[in-house]
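Asks: One structure follows; several queries about it will come next.
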Amino acid sequence: TMFPLQGAQMLQQLENSLRKSLPESLKVYGTIFHMNQGNPFKLKALVDKWPDFNTVVVRPQEQEMTDDLDHYINTYQIYSKDPKNCLKFLDPPEVINWKQHLQIQSSQSSLNEVIQSLAATKSFEVKHTQCILYMAPETLRKLVPSLLDAKNLSPVTGKPKAINQELFKPSSLDVTHAALVNKFWLFGGNERSQKHIEHCIRTFPTYCLLGPEGTPVSWTLMDQTGEVRMAGTMPEYREQGLISHIGYYHTQTLLTLGFPIYSHVDKSNITMQKLSHKLNHIIMPCTWNQWNCVPL
């Protein structure tokens, strides 16, 4: 069985330990990092044993998970040093509530087999999304310097071209902007995702550019795992370099706070891949994975 880690000291120890398993532990590492910065999403970390754990599951507290259909809240981050044998730890309902609509996130595609076999025994439908995982060079230098191969970096600093400052004013997102972000978010577009976005906007530093009408035309924010996500630009303002400006300046702000900077890009999204490359963000040897699970 798995048990929750109690107290700041254990969580700090877990963060230090997960750091040694980067980048495979990235999604869990980022979440624990922000739990240690005040735990704004009220999450808890479960381990199979301590201090020499094999498997970590991060999940919300039970009292947060009141809506069985809200997979934005019912989200689990998993890292295991032994993916082949972690099935027995993920099976119990007190670890993962398999009766709910939920999502599992991990930087380990090797968990796919485990999750698919759980799906077969517990009869739920699972949809696996796999994306390219990127880390900012500054974060890589600090956390996994061995992956920072000099030839990966272009000689330019990643600083974007200047934008028209008469037209566009740098700002941060307001909760009232959540509907706009939600409309353009690939994983969103519904009431529950909008609530999730509002929570993210209230919690973490965001960055946007306001257009001539005084409303956001381009934006980026972070989720509960500390990942930079939901970047978007209004269709009529695309191809003007706004998102590379946003990506650069949002990242600079987050770096000054000491946050680990990472993101994912869909394999078919060539524009964002080019942008990540332009910002000198580096492709990780592992992938970004999300499993959406729906009970049948």
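Asks: Is it fair to say Glu113 is open to solvent by 60 Å² or more (accessible area, probe 1.4 Å), over 17 Å from Pro295 (Cα atoms) and in the same structural domain as Pro23 (by the TED database)?
Replies: In short, yes.
Asks: Moving on to the next point. Find the helices (runs of 4 or more DSSP H) located wholly in segment 188-285 whose residues include 3 or more that are modelled with pLDDT under 95, and list them.
Replies: The helices (runs of 4 or more DSSP H) meeting that bar are 242-256, 270-278.
Asks: Considering only residues that are of a type in the set (Gly, Ala, Ser), in a helix (DSSP H, G or I) and touching a residue at least 24 places away in the same chain (Cβ under 8 Å), which ones fall in segment 75-126?
Replies: Ser109, Ser110, Ser117, Ala119
Asks: Anything in segment 197-233 that is touching a Lys or Arg at 6+ places or on another chain (Cβ under 7 Å) and acidic (Asp, Glu)? List them, or say none.
Replies: Correct list: Asp223 only.
Asks: Using the structure shown, decide if Phe41 is in a helix (DSSP H, G or I), touching a residue at least 60 places away in the same chain (Cβ under 8 Å) and surrounded by 14 or more Cβ atoms within 10 Å (Cβ to Cβ).
Replies: no
Asks: (1) in contact (Cβ under 8 Å) with a residue 60 or more places away in the chain; (2) surrounded by fewer than 23 Cβ atoms within 10 Å (Cβ to Cβ); (3) over 17 Å from Gly30 (Cα atoms): which one isn't true of Gly247, the others all being true?
Replies: Only one criterion in (1) in contact (Cβ under 8 Å) with a residue 60 or more places away in the chain; (2) surrounded by fewer than 23 Cβ atoms within 10 Å (Cβ to Cβ); (3) over 17 Å from Gly30 (Cα atoms) is unmet by Gly247, namely (2).
Asks: Using beta carbons and a limit of 8 Å, which pairs, at least six apart or on different chains, have the first residue in segment 58-72 and closer than 19 Å to Ile32 by Cβ and the second one small (Gly, Ala, Ser)?
Replies: Hits for this filter: Val58/Ala45.
Asks: Kindly indicate whether Ser123 is surrounded by fewer than 18 Cβ atoms within 10 Å (Cβ to Cβ) and touching a Leu at 6+ places or on another chain (Cβ under 6 Å).
Replies: In short, yes.
Asks: Return the residue satisfying two criteria in turn: it lies in segment 176-201 and is farther than 16 Å from Tyr72 by Cα and open to solvent by 50 Å² or more (accessible area, probe 1.4 Å), and of such residues it is nearest to the chain's Cα centre (by Cα).
Replies: Across segment 176-201, the extreme among qualifying residues is Phe184.
The values are calculated or read from the model by the stated rules, or taken from the named source; none is laboratory data. Not measured: the values here are computed from a predicted model. In this analysis, Cβ positions are derived from the backbone assuming ideal geometry, glycine residues included, and neighbour counts consider all displayed protein chains. For accessibility, only protein heavy atoms count, side chains too; no ligands or nucleic acids. Shrake-Rupley method; radii C 1.70, N 1.55, O 1.52, S 1.80 Å.
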